[in-house]
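Colleague: Starting off with a structure, shown below.
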Amino acid sequence: MAQAITDKDGVKRYLITLNVNGDAHTVLVKGNAILTNVLREQLDLTGTKKGCELGDCGSCTVLLDGKPVDSCLVLAIEADGREITTIEGVAENGRLDAIQESMINHAAVQCGYCTPGMVLSAKALLTRNPNPSEQEVREAISGNLCRCTGYVHIVEAVLATAQGRLTPDDH
Amino acid sequence: MYVPDFEYHAPKSVAEACAILAELGDRATVLAGGTDVLHKMKVGKLAPEHLVSLKHLDELREIREEPGRVVIGALASHNQIYNSRLLQRRYLSLSMAAHTMASNQICNLGTVGGNIVNGVPSADLPPILIALNASIRLTSAEGERTMPLEDFFHGSAQTRIKQGEILTEIVIPDQATTGSTYLKFGLRRSGALAVAAAAVSVQVAGDTLHGVRIVLASAAPTVLRVTGAERSLVGRRIDDDLLAEAGYLAAKASSPRDSIRGSAEYRRNLVEVLTKRALRKAIDEGHA
Ligand SMILES: Cc1cc2nc3c(=O)[nH]c(=O)nc-3n(C[C@H](O)[C@H](O)[C@H](O)COP(=O)(O)OP(=O)(O)OC[C@H]3O[C@@H](n4cnc5c(N)ncnc54)[C@H](O)[C@@H]3O)c2cc1C
Ligand code: FES
Ligand code: FES
């Protein structure tokens, strides 16, 4: 169990380790701290967005031990010691991931609010299933609501990534 | 969104969890995947003094085959149930029921135990588990008890869990049934609760039904087994009229409410159609 520290006002906090994008961060959190908020406010990783905060929209999606979850429904302390990937961890050595390139090339981003979650859901899908059907892509991102794009370009961008074509055929 | 503060516990074993729960009594709430608990805490419906997390109890995440039964740990996630080779082979109907649930993100967090103990009539896994005659194991500092899942639900979204108890396992006995299925109607394909749903299991020999279970979701204040409709089928030769009659009886026995998801009248209609179709599917396609 994470070490507990009680301050002079009697507020109890826990020392936990979050392995985020390959780096171990030790943070002091209250029991009721939500993972989204700790990532954004304590680790300054503001790529993870907050929308509904109730598990409906997917804008707070992160990968927990490789699997997409809504970080707004996870207590930070529940993620103690586990591997977390946020959108900041998707690009490697300053180079965008193929999904990110493809999303840009397919104009699959408008306001961008859903995009971090969308990319992480797509990334998890392609890691597990490098050759998904359109149906499988749609299922994988069905927990990520987008109010702007109408999804068509997003689905196309993910399928194109799987097929190794990073630029659109005809628009 | 504000989450009220609480004292956090993360016991390392079922025995330790039971001891903590026994000591804290009604001041404690169990935390599994948290998709219901945190939701309720955020909207102000729940403010426990203590949360007892089951996260270290990895032995409760297992899905395994034993002689005479399949055992599912209470902490198995919806995606584990959907992706389990064992369940896909033996009870694809159950795997597919898990797949009708919320988004991928919620299905990685939510657990079968949470879905059962939460007790709401719209939960997707209890109907098919009851159709498969599953029972549950509950453990507390006082010992263990087993009960048919069917007996666990009563009243209006009430369950028979006692203070201090942990649901540890769900047990599906080997079946005399030849088929089962879960048909759900939601307002969208993804991330929508059931407007109404029907789970059935059937035991077919030749052209006759020897055994049937029909269990409905979102059709009454609790998950509902419709024994009258079942009796109308047993020992009878299968034909479309017979199945339609069972659908009619199931709808008659249901008592759905009007809600934003659908009117009572609409839901009763759905029950009739879903029951009939589920029976046909289970008869023709086995545990699918
Ligand atoms: C956006 C969203 C969509 C959803 N869609 C669906 C859907 O389509 N279908 C559906 O059925 N549900 C749905 N749900 C509800 C929820 O995800 C499920 O009921 C889930 O199975 C709950 O499991 P959990 O592990 O998250 O439970 P928790 O929130 O951890 O717990 C739920 C309840 O069960 C108790 N509990 C949990 N595990 C145990 C145990 N082992 N022993 C004793 N008590 C226990 C808790 O104390 C609490 O009272 C949805 C929820 C959200 C937020
Ligand atoms: S902010 Fe988490 S799902 Fe909407
Ligand atoms: S681009 Fe605006 S919500 Fe998706």
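The values are calculated or read from the model by the stated rules, or taken from the named source; none is laboratory data. No experiment lies behind these values; they were computed from the predicted model shown. Using ideal geometry, Cβ is built from the backbone for each residue, glycine included, and neighbour counts are taken over all protein chains shown. The area values use the complete protein model at the heavy-atom level, side chains included, leaving out ligands, DNA and RNA. Shrake-Rupley method; radii C 1.70, N 1.55, O 1.52, S 1.80 Å.
Colleague: Keeping all protein chains in the complex and leaving out DNA, RNA and ligands, what accessible area do you get for residue B:99 with a 1.4 Å probe, in Å² to the nearest 10?
Modeller: Counting only protein heavy atoms, residue B:99 exposes about 60 Å² to solvent.
Colleague: Within the stretch B:23-52, find all residues whose amide N lies under 20 Å from a label point positioned 7 Å from the Cα of residue B:141 along Cα-to-beta-carbon.
Modeller: B:23-31, B:48-52
Colleague: Taking amide H positions as placed 1.01 Å from N in the peptide plane, with prolines and chain starts having none, which residues 5 or more places from residue B:46, or on another chain, fall under 5 Å of its amide H?
Modeller: Residues meeting the criterion, in which the H sits 1.01 Å from N, are B:41.
Colleague: Ordering A:73, B:224 by how much accessible area each has at a 1.4 Å probe, largest first, what is the list?
Modeller: From most exposed to least exposed: B:224, A:73.
Colleague: Further, regarding this structure: What translational diffusion coefficient, in µm²/s and rounded to a whole number, does the Stokes-Einstein relation yield for chain B at 10 °C and a viscosity of 1.306 mPa s, taking the hydrodynamic radius as the Kirkwood radius over Cα pairs?
Modeller: 82
Colleague: How big is the C-alpha Rg of the stretch A:5-145 next to the rule-of-thumb value 2.2 N^0.38 Å, as a ratio?
Modeller: Rounded to two decimals, the normalised Rg is 1.10.
Colleague: Now for a different question. Using the beta-carbon distance between residue B:255 and residue A:8 and R0 = 56 Å, what value does 1/(1 + (r/R0)^6) give for FRET efficiency, to the nearest 0.05?
Modeller: Approximately 0.50, to the nearest 0.05.
Colleague: Residue A:13's amide H: which non-local residues (gap 5+, or another chain) put their own amide H closer than 5 Å, with H modeled 1.01 Å from N in plane and none for Pro or chain starts?
Modeller: Those lying under 5 Å, H to H, from residue A:13 are A:5, A:6, A:7.
Colleague: Quick one: how many Å² of residue B:267 are accessible to a 1.4 Å probe, rounded to 10?
Modeller: Roughly 10 Å² of residue B:267 is accessible to a 1.4 Å probe.
Colleague: Evaluate the stretch B:1-56: find the radius of gyration of its Cα atoms, find its Kirkwood radius, and give the ratio Rg to Rh.
Modeller: Looking at the stretch B:1-56, the ratio lands at 0.97.
Colleague: Okay, moving on. Any idea which of A:58, A:33, A:94 is furthest toward the positive side of the dipole for the stretch A:1-107, if Lys and Arg beta-carbons carry +1 and Asp and Glu beta-carbons -1?
Modeller: Of the listed residues, the answer is A:33.
Colleague: Oh, and also: Cut-off 20 Å, label point 7 angstrom out along Cα-to-Cβ of residue A:138: give me the residues of the stretch B:149-188 whose amide nitrogen falls inside.
Modeller: B:184-188
Colleague: If I ignore ligands, DNA and RNA and count only protein heavy atoms, how much of residue B:16 is accessible to a 1.4 Å probe, in Å² to the nearest 10?
Modeller: For residue B:16, the solvent-accessible surface is approximately 80 Å².
Colleague: Tell me, what is the FRET efficiency for residue A:42 and residue A:148 to the nearest 0.05, using R0 = 30 angstrom and their Cβ-Cβ distance as r?
Modeller: My answer for the efficiency is 0.50.
Colleague: Using the Cα centre as the reference, give the magnitude of the dipole from point charges on the C-beta atoms of the protein assembly as shown (Lys, Arg: +1; Asp, Glu: -1; all else neutral), rounded to the nearest 20 debye.
Modeller: I would put it at about 880 debye.
Colleague: Using a Förster distance of 51 Å, how high is the FRET efficiency between residue B:187 and residue A:82, based on the Cβ-Cβ distance and rounded to 0.05?
Modeller: Plugging the Cβ-Cβ distance into 1/(1 + (r/R0)^6) gives 0.90.
Colleague: Give the lysines reachable from residue A:123 as a straight Cα distance under 21 Å; neighbours fewer than 8 places away on the same chain don't count.
Modeller: A:49, A:50, A:67
Colleague: Choose one of B:35, B:94, B:72: the residue whose Cα lies farthest towards the positive end of the charge dipole of the stretch B:13-94 (beta-carbon charges +1 Lys, Arg; -1 Asp, Glu; about the Cα centre).
Modeller: The listed residue farthest towards the positive side: B:94.
Colleague: Within the stretch B:228-261, list the residues whose amide N lies under 15 Å from a label point set 7 Å along Cα→Cβ of residue A:54.
Modeller: B:260-261
Colleague: So how many Å³ per residue does the convex hull of the Cα atoms of the protein assembly as shown work out to?
Modeller: 157
Colleague: Right, here's the next one. Can you give the charge dipole size of the stretch B:1-122 about its Cα centre, rounded to the nearest 20 debye, using +1 on the beta carbon of Lys and Arg and -1 on the beta carbon of Asp and Glu?
Modeller: Details: 12 positive and 12 negative charges, 109 e Å.
The calculated dipole for the stretch B:1-122 is roughly 520 debye.
Colleague: If you put +1 on each Lys and Arg Cβ and -1 on each Asp and Glu Cβ, how big is the dipole of chain A around its Cα centre, in Debye rounded to 20?
Modeller: Computed charge dipole of chain A: roughly 360 debye.
Colleague: Sequence neighbours fewer than 8 away in the same chain don't count; with that in mind, list the lysines whose C-alpha is under 25 Å from residue B:281.
Modeller: Qualifying lysines at Cα under 25 Å: B:184, B:252.
Colleague: Of B:43, B:14, B:30, which is the most mobile in a GNM of chain B whose springs link Cα atoms less than 10 angstrom apart?
Modeller: Maximum fluctuation in the GNM of chain B, among the listed residues, is at B:43.
Colleague: Summing -39500 (n - 2.57) over the DSSP H runs of n ≥ 4 in chain A and dividing by its residue number, what mean residue ellipticity at 222 nm do you reach, to the nearest 500 deg cm²/dmol?
Modeller: -7000 deg cm²/dmol
Colleague: Which residue, chosen from B:244, B:50, A:45, occupies the Cα position most advanced towards the positive end of the dipole of the protein assembly as shown, where the dipole is computed from +1 (Lys, Arg) and -1 (Asp, Glu) charges on Cβ about the Cα centre?
Modeller: The listed residue farthest towards the positive side: B:244.
Colleague: Give the long-range amide H neighbours of residue B:7: residues separated by 5 or more places, or on another chain, with amide H under 5 Å away, using H modelled in the peptide plane at 1.01 Å from N.
Modeller: B:50, B:51
Colleague: Roughly what % of Cα-Cα distances in the stretch B:164-231 sit above 17 Å, to the whole percent? Spell out each step's value before the answer.
Modeller: Working: 1307 of 2278 pairs.
Percent of Cα pairs beyond 17 Å in the stretch B:164-231: 57.
Colleague: For the stretch B:86-171, state which GluC sites (Glu not before Pro) are in a DSSP loop and have at most 12 other beta carbons lying within 10 Å of their beta carbon.
Modeller: Counting only loop positions with at most 12 other Cβ atoms within 10 Å, the GluC sites (Glu not before Pro) in the stretch B:86-171 are B:142.
Colleague: Mind giving me the nanometre distance, one decimal, between the label points for residue A:15 and residue B:163, set 7 Å out from Cα along Cα→Cβ?
Modeller: 3.6
Colleague: Can I ask one more? With Cβ to Cβ distances under 13 Å as the rule, what net charge do the other residues near residue A:19 carry (K, R +1; D, E -1)?
Modeller: The answer is -3.
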